[in-house]
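Have a look at the structure below, then the notes.
Laboratory data are not the source of any read-out in this text; all were calculated from the coordinates shown. Please read these numbers as outputs of a predicted model, since none were measured by experiment. Heads up, the Cβs are rebuilt from the backbone with ideal geometry, glycines too, and the neighbour counts pull from every protein chain shown.
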Amino acid sequence: MDSNPTRTNRTEATTAFETELEQLVTTAFARGASIEATWEIATPVSGAPDWLVTVEKRPTKTNGEFEPQFLEE
């Protein structure tokens, strides 16, 4: 792992993180997980920071209330 990543590598890493986080949240929601919460993530590597992550639900900008419909097989 490069200890001094270039700006391009950081940008790519951030984009990948955002994509993976979006997929994680939307997949967990679709599976029925309770995802609106705050988590503390302790990093097992000395010198690396711990993290506090909060996920909040907010209304969709496009279609107001979400009303799921179940498909019948």
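What the table below lists for this structure:
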quantity	calculated
Phi to ³J(HN,Hα) by Karplus 6.51 cos²θ - 1.76 cosθ + 1.60 over segment 44-60, Hz, x for Gly, Pro	x, 10, 5, x, 8, x, 7, 9, 10, 10, 10, 10, 10, 7, 9, x, 6
Size of electric dipole in segment 7-55: Cβ of Lys, Arg +1 and of Asp, Glu -1, about Cα centre, debye, nearest 20	100 debye
Peptides ranked, highest mean first, by Cβ atoms within 10 Å: ranges 21-27, 53-59	21-27, 53-59
